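Everything on this sheet refers to the single structure shown next.
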Amino acid sequence: MTTSKGQIEQLLAEILQESTEEDEEVLLHLLNGLREKQQGIHRRYLNAALHMVGKFEPEISEVRIPITPVIHNTIKVPHGGIIATIADAAMGGLASRSVPEGYNVVTTNMNLSYIATTTNKELIARGRFVHKGRQTLVMACDIEDETGRKLAIATGSFFVIQRRL
């Protein structure tokens, strides 16, 4: 088989033949995310892969992702980079919604202090404004699990740019 679909089918068959229960859980998670992307539930593949959902109000945001083996590090807790990703999504998503039509934001700086880890079910990042300038926005974010255990705090700076077509 030389087509992409043929390669996918072959690889999938090999993976399933040798899979562990955890492999199957991860594969199902990723495939469901891809299906949700195809259905328009997610706009970006990263959000689909992480099953990321967000709520954005004028002054605050909340972004959530389930804690699954997809985001685990070697000690089976959420990877620090994933915590940074969800913080950036909460802060950047809120910042981008606050700029005028035809503009967007890019992250120019982010600082993260890790406080604790969790083996619970969900990561929740809540973003808010610290400063709203014409060209630069400064944001803050608390990252917790669903029990309210504080896992990290983040701050970020975002630069306003003209939206690219």
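Going by the alpha-carbon gyration tensor, a ≥ b ≥ c the square roots of its eigenvalues, is the stretch 80-165 rounded (a/c under 1.5) or, if a/c is not under 1.5, prolate (a/b greater than b/c) versus oblate? Walk me through the intermediate numbers first.
Numbers: a/c = 2.57, a/b = 2.28, b/c = 1.13.
Prolate, since a/c reaches 1.5 and a/b exceeds b/c.
Give the shape of the chain as rounded, prolate or oblate, defined through the alpha-carbon gyration tensor: a ≥ b ≥ c are the square roots of its eigenvalues, a/c under 1.5 means rounded, and otherwise the shape is prolate if a/b is larger than b/c and oblate if not. If you can, show how the numbers build up before the last one.
Working: a/c = 2.68, a/b = 1.51, b/c = 1.77.
Oblate.
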Length released on extending from E122 to L46, taking residue separation times 0.36 nm less the Cα-Cα span | 25.7 nm
Would you list, by chain and number, the aspartates and glutamates whose Cα falls below 12 Å from the Cα of K121, excluding same-chain residues fewer than 8 positions away?
-> E144, D145, E146
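Ordering T119, T85 by how much accessible area each has at a 1.4 Å probe, largest first, what is the list?
These residues rank, largest area first, as T119, T85.
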Just report the Cα centroid separation between the stretch 115-165 and the stretch 57-95, whole Å.
-> 9 Å
Mind checking the angle between helix 80-98 and the chain's longest principal axis? C-alpha axes, 0 to 90 degrees, to the nearest 10.
-> 50 degrees
Given 0.36 nm per residue, what is the gain on full extension from K76 to T155 after removing their alpha carbon distance, in nm?
-> 25.9 nm
Among E18, E9, what's the order by accessible area (1.4 angstrom probe), most exposed first?
-> E18, E9
Expressed as an acute angle from 0 to 90° and rounded to the nearest 10, what is the orientation of the C-alpha long axis of helix 21-38 relative to the principal long axis of the chain?
-> 60 degrees
Once phi for every residue in the stretch 152-161 is put through the Karplus expression 6.51 cos²θ - 1.76 cosθ + 1.60 (θ = phi - 60°), the whole-Hz ³J(HN,Hα) values, with Gly and Pro written as x, are 6, 10, 9, 10, x, 10, 10, 9, 7, 10
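The values are calculated or read from the model by the stated rules, or taken from the named source; none is laboratory data. These numbers come from a predicted model, not from an experiment. Keep in mind that these areas ignore ligands, DNA and RNA; they rest on the heavy atoms of the full protein, side chains included. Shrake-Rupley method; radii C 1.70, N 1.55, O 1.52, S 1.80 Å.
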